[in-house]
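Enquirer: Structure incoming, see below.
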């Protein structure tokens, strides 16, 4: 109790405390999540409500609170949360319509108007003219950086970068929990590398036309596409790309290197995962496919197909061949990798195949992307109706049936 009171006091008097405030809200929400999974709904809602006092516009906090009120058989309280969702940008009609936590509310007269409002939000995404491509965080970062080089002040990081954040950077700080203190460490550790990518990051404002062309091509092969808002940000070397709802968030510090970028400051994981500016459109399109998928994978096979599908469709619309280390390695050792993968694909241990970072010893990380890509490629090549195949690749939910229909394994028999 004293800790939360101290944080509240600091918030009122310190510029830097804005992120501390958000971190506390996130911590409270995670406590609510843990209690939810223990079926302790009474204490779970207390934590969610505390998190909402600190971050009332957080769509995930609002949604989760509504679910718990529904489970507590408190429909009025649940709808008081749900009816906030359209106004704060919630669009996931498919998810909310199938969420079993909300089943007790679906016969309520308030349910249909709620879904209609959420559907209206989603329908706006069908018009490419509504898509935003935002690079203001890049400009703000370099203004801050030049001031910081002279001052070394964390307050300058907060004031000149995080306090001026776009909606995308705001979401990014919550998804990855980054703050001015972490950024201070990054600026001290990677100064030469950061300087080397300055011009590349600033050039991102010029790729809007090319990206729009790729999205138009995506619409040709997948008419059901919804267009995301794209935010190019600079984070703390934690991810090159992630999504929040239908916002696509690009960590440009990880995606804008070139042949002249020094790597001496980078650890082994970063050296293997720093992206090149020449591939930035491929990364954007990969992440955009994630905004069209439902996250229902339950095992390594499903997760690998999801990631591989994004790479496969992105390669189709950009015309770029996949040439990262795990694809080069994968093409050389494909048969052996499949035999290994097959033994583990129905498990939930991803450590040798996905998101493995420094834990991948003796071979590139993320070889599950390669396996998933090859399964999707085989599925497409063996389908007579290519338009339908694209739809099924993006929307796949039965991964075992998808693998069987792809006939991928037959190539090794």
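Enquirer: With r as the distance between the Cβ atoms of residue 74 and residue 109 and R0 = 22 Å, compute the FRET efficiency 1/(1 + (r/R0)^6) and round to 0.05.
Expert: Values: r = 17 Å, r/R0 = 0.76.
Computed FRET efficiency for residue 109 and residue 74: 0.85.
Enquirer: Calculate the spin-label point distance for residue 271 paired with residue 333, positioning each point 7 Å from the Cα along the beta-carbon direction, and give it in nanometres.
Expert: 1.8
Enquirer: Continuing with this model, one more query. Go ahead and run the numbers for FRET between residue 363 and residue 397, Cβ-Cβ distance against an R0 of 22 Å, rounding to 0.05.
Expert: Numbers: r = 30 Å, r/R0 = 1.37.
Efficiency, rounded to the nearest 0.05: 0.15.
Enquirer: Between residue 198 and residue 238, what FRET efficiency follows from the Cβ-Cβ distance if R0 is 22 Å, with the result rounded to 0.05? Write down the numbers at each step before the final one.
Expert: Details: r = 20 Å, r/R0 = 0.90.
Calculated transfer efficiency: 0.65.
Enquirer: Of the DSSP beta bridges with both residues in the range 130-290, give the percent that are antiparallel, rounding to the nearest 5. Kindly include the intermediate steps, with their values, before the conclusion.
Expert: Numbers: 4 of 12 bridges.
The antiparallel fraction comes to roughly 35 percent.
Enquirer: Evaluate the relative contact order of the range 86-152 (contact order divided by residue number), counting alpha-carbon pairs under 8 angstrom at least 6 apart; express in whole percent. Could you put the intermediate results ahead of the total?
Expert: On the way: 24 pairs, mean separation 23.6, N = 67.
That works out to 35 percent.
Enquirer: Rank these for me by crowding, 233, 239, 109, 348, going from fewest to most other beta carbons within 10 Å.
Expert: Details: 233 28, 239 19, 109 6, 348 11.
Lowest to highest Cβ neighbour count: 109, 348, 239, 233.
Enquirer: Which values, in whole Å and largest first, are the semi-axes of the equivalent ellipsoid of the chain obtained as the square root of 5 times each eigenvalue of the Cα gyration tensor?
Expert: Numbers: eigenvalues 226, 187, 88 Å².
Ellipsoid semi-axes (Å, largest first): 34, 31, 21.
Enquirer: Okay, moving on. Would you calculate the separation in nanometres between label points at residue 147 and residue 122, each defined as 7 Å from the Cα along the Cα-to-beta-carbon direction?
Expert: Roughly 4.2 nm, to one decimal.
Enquirer: How would you order 43-56, 370-383 from highest to lowest mean count of nearby Cβ atoms within 10 Å? Please list the in-between numbers first.
Expert: Numbers: 43-56: 19.4, 370-383: 21.9.
For the peptides 43-56, 370-383, the packing ranking is 370-383, 43-56.
Enquirer: Still on this structure: With Kirkwood's inverse mean 1/r over C-alpha pairs for Rh, give me the Rg to Rh ratio of the range 191-251, two decimals please.
Expert: Values: Rg = 14.0 Å, Rh = 13.4 Å.
Radius of gyration over Kirkwood radius for the range 191-251 works out to 1.05.
Enquirer: Report the equivalent ellipsoid semi-axes for the range 130-290 in whole Å, largest first, defined as the square roots of five times the eigenvalues of the gyration tensor built from alpha carbon atoms. Please report the intermediate quantities before stating the final value.
Expert: On the way: eigenvalues 144, 61, 36 Å².
Semi-axes, largest first: 27, 18, 13 Å.
Enquirer: Output the Cα-based Rg and Dmax of the range 239-370 in Å, rounding Rg to one decimal and Dmax to a whole number.
Expert: For the range 239-370, the Cα radius of gyration and maximum Cα-Cα distance read 14.8, 42 Å.
Enquirer: Something else: Using the 10 angstrom Cβ neighbour count as an exposure proxy, how do 320, 290, 326 rank, fewest first? Let's see the in-between values first.
Expert: Values: 320 14, 290 19, 326 22.
The fewest-first ordering by Cβ neighbours comes to 320, 290, 326.
Enquirer: Quick check: residue separation of residue 346 and residue 53 times 0.36 nm, minus the Cα distance between them. What number comes out in nm? Walk me through the numbers on the way to the answer.
Expert: Values: separation 293, 0.36 × 293 = 105.48 nm, distance 4.12 nm.
Residue separation times 0.36 nm, minus the Cα-Cα distance, leaves 101.4 nm.
Enquirer: Considering Cα pairs under 8 angstrom that are at least six residues apart, work out the relative contact order of the chain and quote it in whole percent. If you can, show how the numbers build up before the last one.
Expert: Values: 557 pairs, mean separation 44.1, N = 413.
Reported relative contact order: 11 percent.
Enquirer: Let me ask you something else. Please report the antiparallel percentage of the DSSP beta bridges confined to the chain, to the nearest 5. Working shown, then result.
Expert: Numbers: 4 of 12 bridges.
Once the DSSP bridges in the chain are tallied, antiparallel ones form about 35 percent.
Enquirer: In addition: Let me know the Rg and Dmax you get for the range 300-412 when you use only its Cα atoms, in Å.
Expert: 13.3, 41
Enquirer: Follow-up. If we count other beta carbons within 10 Å of each Cβ, what is the order of 242, 263, fewest first?
Expert: Details: 242 18, 263 13.
Result, fewest neighbours first: 263, 242.
Bear in mind these aren't lab numbers, they're just calculated from the coordinates by the rules spelled out. Please read all numbers here as calculations on a predicted model, not as lab measurements. Virtual Cβ from ideal backbone geometry, glycine too; neighbours counted across all protein chains shown.
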